[in-house]
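The block underneath contains the structure these notes are about, expressed in structure tokens.
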Amino acid sequence: MPAVEVSLSKFIKTAAAQLGFELAGIAPAVTPGGIHQFLDWLDRGYAGEMGYLPRRESAYNHPRSVLDGVRSVVMLGLNYNPWESRRQSDGASQNVPPERETPAIPARVARYALGQADYHDVIRGKLKQLASAVRRETPGCKVRGIVDTAPLLERDFARLAGLGWFGKNTMLINKRLGSWFFLAGLLTNLDLDYDEPHAASHCGTCTRCLDACPTGAFVEPYVLDARRCISYLTIEHRSAIPEELRAGIEDWLFGCDICQEVCPWNRKAPATTEPAFQTDPTLAALDAAQLLSLTDAEFEQRFGHTPLARPGRAGLVRNAAIVAGNSENVAAIPALSAALEDPDPLVRESAAWGLAQLRKERISTCQH
């Protein structure tokens with residue numbers, strides 16, 4: 001290996017660490033090893049309404065679709081685990097900081113979205129700085145940073161770069177960070193010093209992640225049917241959530257962490273040191289009943305700068321209605337009744353379902 005390639009590779013990893021990336025590995029730009037499994041996954045319809053995936057399926061065949069002339073893929077990991085969540089051990093909600101009063105109808109948000117800034121903005125800023133550093137070091141080179149929006153199988157390249165292995169819940173797991181980290185990539189036409197792939201799996205016979213999923217989203221180990229996944233249902237699914245899956249959503253308003261919370265590799269995962277990923281108290285104490293009256297303007301003001309903007313106002317209020325219906329708290333009935341007048345039919349239908357659940361609860365309570 002030429003000394004210049006080794007030196008430049010070390011420079012990139014050092015610069016990445018200085019920017020806060022806790023993991024960095026380098027892989028060759030090749031056809032990803034999991035491409036056939038990915039295409040089969042698409043053929044089986046497991047992507048649900050995420051039509052952008054099959055529309056771009058040919059682009060996933062090689063990273064040259066993202067950067068022409070690419071030779072190397074630098075894969076990076078950024079810890080997002082907030083300190084308030086570190087002590088979770090049984091899947092119970094502990095995201096609410098102790099100084100804040102627990103909401104009447106608690107609505108949970110996945111850890112990755114609890115931060116005080118949208119992770120896309122944070123990571124893109126860091127990638128831009130890293131790309132600039134590489135260009136200064138090697139003028140004239142091509143560099144492009146990406147974070148979960150480009151057609152690149154990030155997990156495959158992360159494993160190829162030695163960052164971790166695939167868990168049975170399909171998450172990339174690292175021995176030190178567990179699975180509480182974002183993946184990002186820096187593609188370049190430079191030849192670099194490649195890391196050894198992470199060949200081993202360290203899940204053994206454990207099936208806790210599979211067993212814990214309340215909606216049965218795992219078809220088999222390492223295969224997720226997104227159409228049954230709470231994260232997909234509350235974020236990417238744009239229409240009415242199938243009724244048979246609503247009870248399983250429990251109190252998840254946005255995303256889900258269950259299969260990660262039960263993973264033994266996450267028990268001692270460190271907290272993030274990134275200030276932007278420290279928990280925003282307003283996101284850690286959301287009340288489903290209050291969200292049912294959310295207007296377009298209020299939605300944009302409260303959530304427009306956060307990942308919670310992704311499902312849109314109607315999607316988020318739909319989720320709030322389901323959380324309220326699952327709460328067994330009849331105090332949510334007035335808010336759900338008012339939501340029956342919402343201008344969006346998606347919200348009205350979910351509110352009617354939530355009301356039906358709570359009225360059953362009221363009747364059951366009266367009978368006892």
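The values are calculated or read from the model by the stated rules, or taken from the named source; none is laboratory data. Computed from a predicted structure; not experimentally measured. Reconstructed Cβ throughout: ideal geometry from the backbone, glycine too, with neighbour counts over all protein chains shown. Accessible surface is based on the protein model in full, side chains and every heavy atom, while ligands, DNA and RNA are left aside. Shrake-Rupley method; radii C 1.70, N 1.55, O 1.52, S 1.80 Å.
Out of the helices (runs of 4 or more DSSP H) lying entirely within segment 233-352, which hold 3 or more residues that are farther than 28 Å from LYS126 by Cβ, of a type outside the set (Val, Ile, Thr) and touching a residue at least 24 places away in the same chain (Cβ under 8 Å)?
Once the helices (runs of 4 or more DSSP H) in segment 233-352 are filtered for at least 3 residues that are farther than 28 Å from LYS126 by Cβ, of a type outside the set (Val, Ile, Thr) and touching a residue at least 24 places away in the same chain (Cβ under 8 Å), what remains is 243-249, 288-291, 312-326, 333-339.
Which residues, taken from segment 218-232, are assigned to a helix (DSSP H, G or I) and open to solvent by less than 30 Å² (accessible area, probe 1.4 Å)? Write out each step before concluding.
First, the residues of segment 218-232 that are assigned to a helix (DSSP H, G or I): 226-228, 230-232.
Result: ALA226, ILE230, TYR232.
Quick one: in segment 187-217, of everything that is in contact with a Cys (Cβ under 9 Å, 6 or more places away or on another chain) and closer than 25 Å to PRO2 by Cα, which residue is most open to solvent (accessible area, probe 1.4 Å)?
Per the stated criteria, the residue is ASN189.
If GLY91 satisfies all but one of (1) under 25 Å from SER231 (Cβ atoms); (2) of a type outside the set (A, V, I, L, M); (3) at pLDDT 95 or above, what's the number of the condition it fails?
(3)
Restricting to segment 248-275, and then to whatever is open to solvent by less than 20 Å² (accessible area, probe 1.4 Å) and aliphatic (A, V, I, L, M), can you tell me which residue is nearest to ASP118 (Cα to Cα)?
Among those residues, the one meeting the criterion is LEU253.
Applying the selection to segment 139-168, what residues are within 19 Å of LEU19 (Cα to Cα) and β-branched (Val, Ile, Thr)?
Once the filter is applied, which keeps residues that are within 19 Å of LEU19 (Cα to Cα) and β-branched (Val, Ile, Thr), segment 139-168 yields VAL143, ILE146, VAL147.
Go through (1) at pLDDT 95 or above; (2) farther than 15 Å from LEU67 by Cα; (3) open to solvent by 20 Å² or more (accessible area, probe 1.4 Å) for LYS142 and report which single condition fails.
(2)
Condition first: aliphatic (A, V, I, L, M), over 30 Å from GLU220 (Cβ atoms) and in a loop (DSSP other than H, G, I, E, B). Now tell me which residues in segment 112-171 satisfy that. Step through it out loud before you land on a result.
Within segment 112-171, the subset aliphatic (A, V, I, L, M) is 113-114, 117, 122-123, 127, 130-131, 133-134, 143, 146-147, 150, 152-153, 158, 160-161, 163, 171.
Narrowing further to those that are over 30 Å from GLU220 (Cβ atoms): 114, 117, 122-123, 127, 130-131, 133-134, 143.
Residues satisfying the conditions are LEU114, ALA117.
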